[in-house]
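Student: Please see the structure below; I have some questions.
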Amino acid sequence: MIYLELFLTFLQIGAFSFGGGYGMISLIREKVLMHGWLTEEELLNMIAVAESTPGPIAVNMATFVGSSQGGFLGAILATLGVVLPSFIIILIIAALIRNFMKYAGVKAFLGGIRPCVVGLILATAITMFMSTVIRFSSIGDTLAIDFNGIIIFAILIATTVVAKLAFKKKPTPILMILISAGLGMLMYSL
Amino acid sequence: MNKIKGYLSLFLTMLKIGLFTFGGGYAMIALLENEFVEKKKWLEKDEFLDVAAIAESTPGPIAINAATYIGYKNTGMIGSMIATLGICIPSFVIIYAISLFLDAFLSLTLVAYAFKGIQICVVYLILTAGLKMLKQMKKTAFNIIIISITLICMIVFSLFAVKFSTIFYILLSGACGVAVYLLGKIRKEKKQ
């Protein structure tokens, strides 16, 4: 039953992903690829849409996947699932636990999770790079390098470096998305 | 009547924040502070810093965590529901609308090419977000070990198609944090 599956999957995502936004992507990716709800390309498209629209990325992802798999009701259930753990956990902390952040055990647990989230984000980026740009996602795949992709990646790095040197500021994600959209249209049409 | 006015004000403020913040969690924390500490003065600055720390440390979207907490402090259980609903509704409506026509939009060749570029950009954005966090992290032996093990295991497991959920990495790392803390405590007690 797809409705229950959507609800329970996003409930897990809401309960076990730390670090907000990008920190949640590794678990979202694992679940949506495992269920076959999105391909890697569709997932990346969706992250771009989530980045370019207002609101928390996880809520945007839940609504989109829910809608594509189970229509309006699916969207409601997936969104409810991703929000519910936050809601309950925060309610308990706000109502019952004073000085939650001061407990040594909580601090130690979070101290373990923080570096783990960094590792997860980096590993997710690297595996995504391998599966989209060099098409090598598991042992036994034959390399099929997307040279346009590599050039776009290099241009994005150069853009960041130039912006930092010239304006002392990193370009915003939306600007980077627009630049890469233009580059994509240009390079893949040639 | 005053109560209903309070609920309405909370709901509309959260709706506004949900509608106008791009870039997720951290951007939203800044907006929440502006609204609830500076403008409305519902929370003290110190209290808000606590809210932000809790929102970042508990699982789930940071903005939802913060909204639930602020709503609860404002008007209890009903307040937390209203705040959470308010901050979610704009995302939900916008993304639901997009989901209805995204496939048709992507079937245009030029749009598909644009999105091939965008996919690369998203990988780049995730990588830079990770590198930024890596830079800001204290380079203690514990942190370096956890980051390296997570990174290497996840890439190797993915190459060999071994199923090992992200949830286990999180729980194991948390357990390591607690274990190191307990060991340190035992050692200290022995010395005394």
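Student: Given a Förster distance of 41 Å, report the FRET efficiency between A:Ile150 and B:Leu19 from their Cβ-Cβ distance, rounded to the nearest 0.05. Working shown, then result.
Tutor: Details: r = 38 Å, r/R0 = 0.92.
E(calc), rounded to 0.05, equals 0.65.
Student: At 7 Å along Cα-to-Cβ for each site, give me the label-to-label distance between A:Tyr103 and B:Ser9 in nm.
Tutor: With each label point 7 Å from Cα toward Cβ, the separation is 3.4 nm.
Student: Now for a different question. To the nearest 0.05, what FRET efficiency results for A:Phe72 and B:Glu38 with a Förster distance of 45 Å applied to their C-beta separation? Mind dumping the intermediate values first?
Tutor: Numbers: r = 38 Å, r/R0 = 0.84.
Calculated transfer efficiency: 0.75.
Student: Right, next: Are there chymotrypsin sites (Phe, Trp or Tyr not before Pro) in segment B:90-167 that DSSP marks as loop and that have at most 10 other Cβ atoms within 10 Å, and which are they?
Tutor: Details: sites: B:Phe92, B:Tyr96, B:Phe101, B:Phe105, B:Tyr113, B:Phe115, B:Tyr124, B:Phe142, B:Phe157, B:Phe160, B:Phe164; in loops: B:Phe160, B:Phe164.
Filter output for segment B:90-167: B:Phe160.
Student: For a 27 Å ceiling on Cα separation, which of these pairs sit above it: A:Lys168/B:Lys45; A:Lys31/B:Lys73; A:Lys107/B:Lys73; A:Lys102/B:Lys135; A:Lys107/B:Lys188; A:Lys102/B:Lys39? Don't skip to the answer; put the middle values down first.
Tutor: Details: A:Lys168/B:Lys45 30 Å; A:Lys31/B:Lys73 34 Å; A:Lys107/B:Lys73 23 Å; A:Lys102/B:Lys135 25 Å; A:Lys107/B:Lys188 18 Å; A:Lys102/B:Lys39 29 Å.
With Cα atoms farther than 27 Å apart: A:Lys168/B:Lys45; A:Lys31/B:Lys73; A:Lys102/B:Lys39.
Student: Hey, another quick one. List the chymotrypsin sites (Phe, Trp or Tyr not before Pro) within segment A:82-152 that fall in a DSSP loop (any state other than H, G, I, E or B) and whose Cβ has at most 15 other Cβ atoms within 10 Å. Don't skip to the end; give the middle numbers.
Tutor: Numbers: sites: A:Phe87, A:Phe100, A:Tyr103, A:Phe109, A:Phe129, A:Phe136, A:Phe147; in loops: A:Tyr103, A:Phe136.
Taking segment A:82-152 and a limit of 15 other Cβ atoms within 10 Å, the loop chymotrypsin sites (Phe, Trp or Tyr not before Pro) found are A:Tyr103.
Student: Here is a further query. Shape of segment A:31-73 from its Cα gyration tensor (a ≥ b ≥ c, root eigenvalues): rounded if a/c is under 1.5, otherwise prolate when a/b > b/c, or oblate?
Tutor: Values: a/c = 2.09, a/b = 1.19, b/c = 1.75.
Taking the square roots of the gyration eigenvalues as a ≥ b ≥ c, segment A:31-73 is oblate.
Student: Same structure, new question: In whole Hz, with x marking every Gly and Pro, tabulate ³J(HN,Hα) for segment A:78-89 from phi via Karplus 6.51 cos²θ - 1.76 cosθ + 1.60, θ = phi - 60°.
Tutor: 5, 5, 4, x, 6, 8, 4, x, 3, 4, 5, 4
Student: Next question. So which lysines pass the test for B:Lys191, namely a Cα distance under 16 Å, with those fewer than 8 places away in the same chain ruled out?
Tutor: none
Student: Expressed in whole Å with the largest first, what are the equivalent ellipsoid semi-axes of chain A derived from the C-alpha gyration tensor as the square root of 5 times each eigenvalue? Intermediate values should be presented prior to the final figure.
Tutor: On the way: eigenvalues 206, 102, 58 Å².
Equivalent-ellipsoid dimensions as semi-axes: 32, 23, 17 Å.
Student: Related question: Taking the Cβ of A:Ala181 as the centre, find all other residues whose Cβ is under 15 Å away and add up their charges (Lys, Arg: +1; Asp, Glu: -1).
Tutor: Working: positive: B:Lys116; negative: A:Glu41, A:Glu51.
Overall, the nearby charge balance is -1.
Student: At most 11 other Cβ atoms within 10 Å and a DSSP loop assignment: could you name the trypsin sites (Lys or Arg not before Pro) in segment A:1-110 that fit? Walk me through the numbers on the way to the answer.
Tutor: On the way: sites: A:Arg29, A:Lys31, A:Arg98, A:Lys102, A:Lys107; in loops: A:Arg98.
Qualifying residues, ordered by number: A:Arg98.
Student: Given points 7 Å out from each Cα along the Cα-Cβ axis, report the A:Lys164 to B:Phe160 separation in nanometres with one decimal.
Tutor: Distance between label points: 3.5 nm.
Student: Once you mark the trypsin sites (Lys or Arg not before Pro) that are in a DSSP loop and have at most 12 other Cβ atoms within 10 Å, what is the longest gap between them in chain B? Intermediate values should be presented prior to the final figure.
Tutor: Numbers: sites that count: B:Lys41, B:Lys138, B:Lys139, B:Lys163.
By the stated rule (loop sites, at most 12 other Cβ atoms within 10 Å), B:42-137.
Coordinate-derived values only; no laboratory data. Just so we're clear, the structure is a prediction, and the values are computed from it rather than from any experiment. Every residue, glycine among them, receives a Cβ derived from its backbone with ideal geometry; neighbour counts consider all protein chains shown.
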